[in-house]
């Protein structure tokens, strides 16, 4: 037993040659979020508050595909989505199609806490945000030059691109063998458990580059990108369509329950439901274990447990 | 309006939410599955897709019935979201207190009018399963509220083994990922269809009220509900046919 926390900043085809100016800010972001989360857990905050806090940090960081720094729709707009779930009560909240709310995860939390519903979207979600007095800004606040460039390239290539670290090369990309050349990254998430076994998960994203206006991914779908119950809390990232079809987050918990698998075994089992190159997930169990798995080139991630272990990684070996 | 459809063998799926002019949301969900790289489109983006696909569009008034207008008025006055499934019938215990609290319209219990989700599950001779669900959602819901019907794993699910469509309190169905649950206990616990449906209805809903229909790849059909009733019908190739309410 003991507390544990894991954070991700997206799984995808993160090239090993990622230049320092793209790698370092993300590592720093993960480090800061981990520290924020650890401090909150040590101060005995409820995991629900911890995951919301950490995801807000990630949303505010323009280097990740959530909040500021969200990738753009085919119309050049931002449509953010987020989801939060409490393991013990299984209460949850989700939002989609949010374009002016600074922290979509906090809006999702309010849907959970202040409405009889679980999921609000588009105009209704925006109206609710205003009713609740949440901080809203012009949509331009979220748009970064990097993402404008990504959209331009994706439209030129006429493909849907998840990756936002690697602009498409004009010549044939080296990774063309992987999943028809679509490099994938996106979404931020956090899972946490305290030393009483209370679990929570939170996920937030701008979606995929050049997505159709109105496209909803796995993040706000309970059981797909986000799930928590009394056994574990899970947050997934990657190709939304594959994660939805594989009900990934739910399945981690399901095989723990129905097949008696450990957290790590369950995470591996669930990942097998998604084709290579498509996804990653982080998970914590009620007993304080952590699992971080991905079948893409890399996944920006970090974790820490009460016994003093901590890790920040992108590819297979921890950086620190 | 919202809807979703799922094809068992490859678990392909399509879903839509926030539709107001598309005559058949389920067909738009099908088009999302077949004609886009996505699984789920909502609101203005979905309506725009519908226009581009040339599907039949009508004025929003087309969908609105007098009964529903009446019920919305009652719901607003009672400041509630109407769940027909919770309204006790005359025969349940609770006696006169329950009767007094019963919402009525035109002198009859509101449960007789309350609108519900629709769905269909099918399996063919090859064991190929599919599921589809469609709804207008909850009476007096907040604008922009999404329920279980368009959510894969909650209101709709289909895989190699089974196809499931759910109806009832959307929030309870989402929390329990009800449709996926039926398939998961079959897959991971080895339960057969009827055992799976019973197990899930009995143990996964807690305070929530819901029902579901399911078919298995072996041609079995099952339904379960913890509500007073569920409007349903089923048929199998060997000639069995049933329509039921309670």
- Could the peptides B:135-146, A:57-68, A:264-275 be put in order, highest first, of the mean number of other beta-carbon atoms found within 10 Å of their residues? A:57-68, B:135-146, A:264-275
- Task: Would you look at the GNM of chain B, springs on alpha carbons closer than 10 Å, and say which of B:69, B:197, B:221 moves the most?
- Result: B:69
- Item | For residues of A:121-130, the mean tally of beta carbons on other chains within 10 Å | 5
- Relative exposure of A:114, B:217, judged by other C-beta atoms within 10 Å (fewest first): A:114, B:217
- Message: Tell me the mean residue ellipticity at 222 nm calculated for chain A from its helices only (DSSP H runs of n ≥ 4, each -39500 (n - 2.57), averaged over every residue, nearest 500).
- Response: -9500 deg cm²/dmol
- Message: Students often get this wrong: which residues of the range A:185-200 have the backbone nitrogen under 18 Å from the point 7 angstrom along Cα-to-C-beta of residue A:1?
- Response: A:192-200
- Task: Can you tell me which of A:196-202, A:136-142 comes out highest on packing, and rank the rest after it, using the mean Cβ neighbours within 10 Å?
- Result: A:196-202, A:136-142
- Message: Taking the beta-carbon count within 10 Å as an exposure proxy, list A:226, A:77 from fewest neighbours to most.
- Response: A:77, A:226
- Please report the relative contact order for the range A:28-123, taking Cα pairs under 8 Å with a sequence separation of at least 6, and give it as a percent rounded to a whole number. 19
- Message: For a quick check: sort B:27, A:96, A:262, B:176 by the number of other beta carbons within 10 angstrom, fewest at the front.
- Response: A:262, B:27, B:176, A:96
- Query: Over chain B, what is the relative contact order in whole percent, taking alpha-carbon pairs under 8 Å and six or more residues apart?
  - Reply: 18
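Using the Cα atoms as the points, what is the convex hull volume per residue of the range B:160-246 in Å³?
Numbers: hull volume 7.2 nm³, N = 87.
Taking only Cα atoms, the range B:160-246 has a hull volume of 83 Å³ per residue.
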- Rounded to a whole number, the mean other protein chain Cβ count within 10 angstrom for residues of B:131-143 is 2
- Query: PRE reach from residue A:75 (point 7 Å along Cα→Cβ): which of the range A:123-162 fall under 12 Å by backbone N?
  - Reply: A:123
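How large is the helix-only mean residue ellipticity at 222 nm for chain B, computed as the sum of -39500 (n - 2.57) over DSSP H runs with n ≥ 4, divided by its residue count, in deg cm²/dmol to the nearest 500?
Calculated from helices alone, the mean residue ellipticity at 222 nm is -8500 deg cm²/dmol.
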- Query: Among the DSSP beta bridges whose two residues both lie in the range A:1-143, what percent are antiparallel, rounded to the nearest 5?
  - Reply: 65
- Message: What distance in nm lies between label points placed 7 Å from Cα along the C-beta direction at residue A:262 and residue B:160?
- Response: 2.7
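Where does each of A:82-93, B:164-175, A:30-41 land if you order them by average Cβ count within 10 Å, highest first?
For the peptides A:82-93, B:164-175, A:30-41, the packing ranking is B:164-175, A:82-93, A:30-41.
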- Task: Determine Rg/Rh for chain A; Rg is computed over alpha-carbon atoms and Rh is the Kirkwood hydrodynamic estimate from the same atoms.
- Result: 0.94
- Can you give me the relative contact order of chain A as a percent, contacts being Cα pairs under 8 Å and 6 or more apart? 26
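Cα convex hull of the protein assembly as shown: how many Å³ per residue?
151
Each value in this text was obtained by applying a stated rule to the coordinates, not by laboratory testing. Since the model is a prediction, treat every value here as computed from it, not as a measurement. With ideal geometry, Cβ positions are generated from the backbone for all residues, glycine too; neighbour counts draw on all protein chains shown.
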